[in-house]
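J.: This is the structure I have questions about; it appears just below.
Every read-out reported here was derived from the displayed coordinates using simple, explicitly stated rules and does not represent laboratory data. Source: prediction; values computed, not measured. With ideal geometry, Cβ positions are generated from the backbone for all residues, glycine too; neighbour counts draw on all protein chains shown.
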Amino acid sequence: MKTLKVLSALLTYPTPELIAAADELAAVLDSEKLLPKAERMALQALIDDLASGDLLDAQERFILLFDRTRALSLHLFEHVHGESRDRGQAMVDLIKLYEDGGYTPTTKELPDFLPLFLEFAATRPPAEAIELIGQPGHVIAALRERLARRGSPYAAIFASLLALAKVKPDRETLDRLLAEPDPEPDDLEALDAAWEEEEVLFGPGAAAEDCGKDALSAKLRQARRPAPGLEPVPGSGPRTIVSSSSAPRT
């Protein structure tokens, strides 16, 4: 699915190479036509914005959005585990998933970096790729809403991912994610406070006594066996759950 590779590229730090490939990226989206017209138009607006604007301005905008603000982190496990011990095991499990799929990342990014995750998904058969990108649906939906509130054209990427996966996140779970601090990148005091937040639980089972049983790290460790109550589709690829249910954040 070359469309996933395009979304991955658009979600990386703007470089001259990315800008030079603007027409090629747009052509892939138009050729595959995997996305609804509205999403393709929104992505085209982002591509045009990157191609026609000043590169330094685009780079500064990217840093302010995704590197300064924890609520917009492109590291999936940041929204699930924060800096808790579980994050390390989840990373190990995700690396194993990549290795089992014959995928060797060419960057030094952490394995839960969303553009890297999308690159891996792009190497899988279409049905498996769609399932994979749908698993962190609550995190993707929360990022989309936060970017939309800021009027950022980057919201188009997350809207496109949700459209591809045909995912409709549970509203209660999404509201819990959106209730977490989301300071502006120039509010240094609020940013410091957000990074020092105590553990926050969210997801359908957050209030339950055994809230950790559906944590992301546990589900990732089940990559080679079906989730409780579910049977794998015969002939399907590895099943990994990258969801946001009942996961702690520190």
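J.: Quick one: which residues, 5+ away or cross-chain, put their amide H under 5 Å from the amide H of residue 75? H built at 1.01 Å from N.
T.: 114
J.: How many nm is it between the label spots at residue 166 and residue 148, if each spot is 7 Å from the Cα in line with the beta carbon?
T.: 2.1 nm
J.: Find, among the trypsin sites (Lys or Arg not before Pro) in region 10-67, those assigned to loop by DSSP (not H, G, I, E, B) with at most 12 other beta-carbon atoms within 10 angstrom.
T.: In loop regions of region 10-67 (DSSP not H, G, I, E or B), the sparsely surrounded trypsin sites (Lys or Arg not before Pro) are 33.
J.: Quick one: length gained pulling residue 108 to residue 178 fully straight, 0.36 nm per residue minus the C-alpha distance?
T.: Taking 0.36 nm per residue and subtracting the Cα distance, the gain is 22.3 nm.
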